[in-house]
Amino acid sequence: MIKVGFIGAGTVGTALAVGLFRKGCPVAAISSRSLTSAQKLAGLVADCRVCQTAQEVADVAELTFITTPDDVISEIASEVEWRKGQNVIHCSGAHSINILEPARRLGAAIGSFHPLQTFASLNEAVDNLPGSTFALEAEEPLLSRLKELASLLNGDWVELKPGDKVLYHVAAVFVSNYLVTLVKLALDLWQDFGVPPKEATKSLLPLLRGTVNNIDNIGLPDCLSGPIARGDLGTISKHLSALKAEGGSLLTTYRDLGLQTIPIALAKGKIDKHRAEEMKALLK
């Protein structure tokens, strides 16, 4: 199996290195700006060399993952003396493979291998990675090799063109990052009636899990529930009044999300166009 190396030993690099190692893929070399981080990762995979520089990793590995912060990827791509026959992969969700152009000019094959997963902490990153979808950019034969690595991690993949990457990443931000924001807004409202964040979180998590299960098992648009799905103008009006009385800081957010939800409710078929227009007028 191909020998891989990692430049960058943060959560993404660690999750990928450990995941691939557990599936029998040899992790030959690791470097990081933090020697401690590189040593820690090397301790999780056998027979792995801790390197002082990115160049040392590139000299050892057949396929090199650049798992640094996004702003450092182009720097690494430019500084390392790549060679023909090497494979150089970055794991950024927002950048296309064009950021690796310096490596391509030196004869290396370049690609992108982005795990569509949340990496809030090291343990969760390692545990959550198997089964994820991976966004791939590359030309053959590297593309097929990246598909094999995704399958090795029990994952699926989607192929992206360079122009697709930013919108792909925006979608991930909506689903993951902004979901956290919505939960935070809900917790703030619970504090208004005296329930502290820890207790509120415990109460809301079953609802959150149930929603995710409905998305998975029923799918859009049928998984939508709530007042907009029912066309319940009275409840929506009460919500708007309560948010206005509370100070109005969430009023715009509620209106905007509500307006985006109306087409889903229409597609579900529980409301007609007339009721949809009534809700739009109320929310505007």
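The values are calculated or read from the model by the stated rules, or taken from the named source; none is laboratory data. From a predicted model like this one, the values you see are computed outputs, not experimental measurements. Reconstructed Cβ throughout: ideal geometry from the backbone, glycine too, with neighbour counts over all protein chains shown. These area figures cover heavy atoms from the full protein model, side chains too; ligands, DNA and RNA do not enter into them. Shrake-Rupley method; radii C 1.70, N 1.55, O 1.52, S 1.80 Å.
Residues of the stretch 5-35 being small (G, A, S), under 20 Å from the mean Cα position of the chain (by Cα) and at negative phi, which ones?
Result: A9, G10, G13, A15, A17, G19.
Going through the stretch 268-280 one residue at a time, which ones are over 12 Å from G226 (Cβ atoms) and open to solvent by 70 Å² or more (accessible area, probe 1.4 Å)?
Those that are over 12 Å from G226 (Cβ atoms) and open to solvent by 70 Å² or more (accessible area, probe 1.4 Å): D272, K273, H274, R275, E277.
Quick check on E81: is it at pLDDT 95 or above and either among the hydrophobic types (A, V, I, L, M, F, W, C) or part of a helix (DSSP H, G or I) (or both)?
Considered against the rule, which asks whether it is at pLDDT 95 or above and either among the hydrophobic types (A, V, I, L, M, F, W, C) or part of a helix (DSSP H, G or I) (or both), E81 comes out as no.
Please work out if K244 is in a loop (DSSP other than H, G, I, E, B), open to solvent by 70 Å² or more (accessible area, probe 1.4 Å) and modelled with pLDDT under 95.
Here the answer is no, as K244 does not meet what is asked.
Kindly indicate whether F134 is surrounded by 14 or more Cβ atoms within 10 Å (Cβ to Cβ), within 15 Å of the chain's Cα centre (by Cα) and either at pLDDT 95 or above or not in a loop (DSSP other than H, G, I, E, B) (or both).
Yes: the conditions hold for F134.
Within the stretch 36-67, how many residues are within 23 Å of the chain's Cα centre (by Cα) and either of a type in the set (K, R) or open to solvent by 30 Å² or more (accessible area, probe 1.4 Å) (or both)?
The qualifying residues number 1.
Please indicate, with yes or no, whether at least one residue in the stretch 210-223 is of a type in the set (G, A, S), open to solvent by less than 70 Å² (accessible area, probe 1.4 Å) and at positive phi.
yes
Right, L187: of a type in the set (A, V, I, L, M), within 30 Å of G93 (Cα to Cα), in contact with a helix residue (DSSP H, G or I) (Cβ under 6 Å, 6 or more places away or on another chain) and surrounded by 11 or more Cβ atoms within 10 Å (Cβ to Cβ) or not?
yes
Tell me, please, whether a residue that is out of contact with any Pro (no Cβ under 9 Å at 6 or more places or on another chain), at pLDDT 95 or above, β-branched (V, I, T) and not in a loop (DSSP other than H, G, I, E, B) can be found in the stretch 223-240.
Within the stretch 223-240 (the criterion being out of contact with any Pro (no Cβ under 9 Å at 6 or more places or on another chain), at pLDDT 95 or above, β-branched (V, I, T) and not in a loop (DSSP other than H, G, I, E, B)), the answer is yes, since at least one residue qualifies.
Sort out which residues of the stretch 247-260 are among the hydrophobic types (A, V, I, L, M, F, W, C), under 17 Å from A186 (Cβ atoms) and assigned to a helix (DSSP H, G or I), and write them in order of number.
L251, L257 - these are the residues of the stretch 247-260 that are among the hydrophobic types (A, V, I, L, M, F, W, C), under 17 Å from A186 (Cβ atoms) and assigned to a helix (DSSP H, G or I).
One line per residue, one yes/no per condition, for (1) open to solvent by 50 Å² or more (accessible area, probe 1.4 Å); (2) part of a loop (DSSP other than H, G, I, E, B); (3) more than 20 Å from V12 (Cβ to Cβ); (4) modelled with pLDDT of 95 or more:
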| position | (1), (2), (3), (4) |
| --- | --- |
| G85 | yes, yes, yes, no |
| V88 | no, no, no, yes |
| A103 | no, no, no, yes |
| T118 | yes, yes, no, no |
| N123 | yes, no, no, no |
| P130 | yes, yes, no, no |
| L143 | no, no, yes, yes |
| A150 | no, no, no, yes |
| V166 | yes, no, no, no |
